[in-house]
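Notes follow once the structure below has been shown.
The values are calculated or read from the model by the stated rules, or taken from the named source; none is laboratory data. Computed from a predicted structure; not experimentally measured. So basically every Cβ, Gly included, is an ideal-geometry build from the backbone, and we count neighbours across all protein chains shown.
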Amino acid sequence: MNFWDHPLVRRIAISCMIGITVALAISEGSYHLLNDGTRRDPQTIELIIPAGTAERVAAGKSVPSLPANMTFVEGDVLLVKNQDVTDHQLGPIWVPPDSTGSLTLGEVNRFRFGCSFQPGRYLGIDVRSPGSSLQSRLLAIVLIGPPTIALIVVYGILVIPLKPASATDTRSHPLPASAVTLPEPGSAVSDTLPHSLNGKTAL
Amino acid sequence: MTGKILRWGLALLSVVLVALGGLGILFQPYRFRGSLIDPPVPATDFTLVDQHNQRFRLSEQRGNVVVMAFGYTLCPDVCPATLAEFKQIRRLLGRQAEQVRFVFITVDPERDTPARMGEYMQAFDDSFRGLSGDMAELERAWQGFGVYHEKQFLDSAAGYLVDHTARIYVVDVHGNLRLTFPFGTATQDMFEDIQYLTRERI
């Protein structure tokens, strides 16, 4: 018999599909229900220090400033492009002129750093847990999936028991008439019936 | 027959995808813990003298990773902590430390003579290079690495303290300024980044 046509294999394959769909629905459903807007996957946040910023700071003119406190999630990459002619510092990132500095924010914490172009000269950086990242959501599916599949398989077998493989065989691949020996009408059945049924009740 | 081929094909595809995913996780590019300068910029060259009155020129260190900090010997807090971290990183590097130069450059040249630097380095590790020297060269180094320093006069025996940049700079084997570590970066993180850079070849 073909491997894929075996009833148990089919049952497991169908249970896998249902189980994964259920796990996906639970994981994504709870993620979207609980997401308050601060939970997101880590990403790259790019900031540009335009040319002439240091000059404007020195002259007391306004510069494109950032919010004094910035919120990131763990794993975010803060990328600062310095297009000015002098070096700049944005929190933990020091960038030489005409270069780019980047830092992966890898620790949940609240920092306060110096900043060369903030009006207050200080910058607060709040690094939060990403909550449910894509990785953790996939992990949730991996954790929910197998037990769900196992439960569906067991439940399915209890509710709709598997038919014996031979019965399925006969149904799907009927034997040729010559292979079946039926007793002649009126003849003794002792040779053709199973021993347990010979003159007795089966159950 | 077609259905059988399709099923086995899908099974094979799944195995290949899982294997590729696993390989992708294994061979992810190294993620630096420090602040990465990309593209790296050539480090400002300078020539200073160390505690043994030996000349130290930054551009002559190519082939080695140079780890630099700016400070002064009478610093009450940041500098001893930084040099203690240097010592720990050096210990963690083991034999690879031979490819790393640990450099401490003064921001207080009036008081940090080579002799004083020698005593100070002795307290941590004599292989560290404590640099002072010509004011013009020091200015060049300070400016090239964006080092802030300002004297704070006190009514005490110390005379004055110097507020200064507490950042650590890493110059790679090609002589490029590659990484900086803000003060407070975990020693283990700095060690891993420096160790990664020592594996690069010219």
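Some points to look at:
- Candidates B:ALA158, B:ALA141, filtered to the one that is exposed (fewer than 15 other Cβ atoms within 10 Å of the Cβ) and small (Gly, Ala, Ser): B:ALA158
- Matching residues in segment A:78-87 - criterion: being modelled with pLDDT of 90 or more, assigned to a strand (DSSP E or B) and of a type outside the set (D, E, K, R): A:LEU79, A:VAL80, A:ASN82
A quick yes/no check of all residues on (1) more than 15 Å from B:GLY130 (Cβ to Cβ); (2) within 14 Å of chain A (Cβ to nearest Cβ):
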site	(1), (2)
B:ARG31	yes, yes
B:ASP77	yes, no
B:ALA84	no, no
B:PHE102	no, no
B:THR106	no, no
B:ARG111	no, no
B:PRO114	no, no
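- Checking B:ASP38 against (1) among the acidic types (Asp, Glu); (2) within 13 Å of chain A (Cβ to nearest Cβ); (3) touching a Pro at 6+ places or on another chain (Cβ under 9 Å), the condition it does not meet: (3)
- Flag if B:GLU119 is over 24 Å from B:TYR148 (Cβ atoms) and either within 14 Å of chain A (Cβ to nearest Cβ) or part of a helix (DSSP H, G or I) (or both): yes
- Pairs with Cβ under 7 Å, 6+ apart, first in segment A:90-104 and more than 7 Å from chain B (Cβ to nearest Cβ), second surrounded by fewer than 20 Cβ atoms within 10 Å (Cβ to Cβ): A:LEU90/A:LEU47; A:GLY91/A:PHE111; A:GLY91/A:PHE113; A:PRO97/A:VAL85; A:PRO97/A:THR86; A:ASP98/A:GLN83
- Hits in segment B:164-188 (condition: loosely packed, with under 14 Cβ neighbours inside 10 Å and more than 10 Å from every other protein chain (Cβ to nearest Cβ)): B:GLN188
- Set side by side, the residues B:ALA84, B:ALA115 differ, and just one is in contact (Cβ under 8 Å) with a residue 40 or more places away in the chain and either within 17 Å of B:PHE56 (Cα to Cα) or crowded, with 20+ Cβ neighbours inside 10 Å (or both), which is B:ALA115.
- Within segment A:110-150, the set of residues being modelled with pLDDT of 75 or more, within 12 Å of another protein chain (Cβ to nearest Cβ) and more than 23 Å from the chain's Cα centre (by Cα) comprises just one member, A:ILE125.
- The residue that is modelled with the lowest pLDDT, among those in segment A:25-43 that are more than 19 Å from A:THR71 (Cα to Cα) and surrounded by 13 or more Cβ atoms within 10 Å (Cβ to Cβ), is A:TYR31.
- Residue in segment B:154-166 that is in contact (Cβ under 8 Å) with a residue 60 or more places away in the chain, of a type in the set (D, E, K, R) and on the phi < 0 side of the Ramachandran plot present: no
- Checking segment B:41-49 against the condition returns no match, with no residue being within 14 Å of another protein chain (Cβ to nearest Cβ), among the aliphatic types (A, V, I, L, M) and part of a helix (DSSP H, G or I).
- Yes/no for B:ALA43 being under 14 Å from the mean Cα position of the chain (by Cα) and among the small types (Gly, Ala, Ser): yes
- Set side by side, the residues B:ARG101, B:ARG129 differ, and just one is closer than 27 Å to B:ARG201 by Cβ and crowded, with 20+ Cβ neighbours inside 10 Å, which is B:ARG129.
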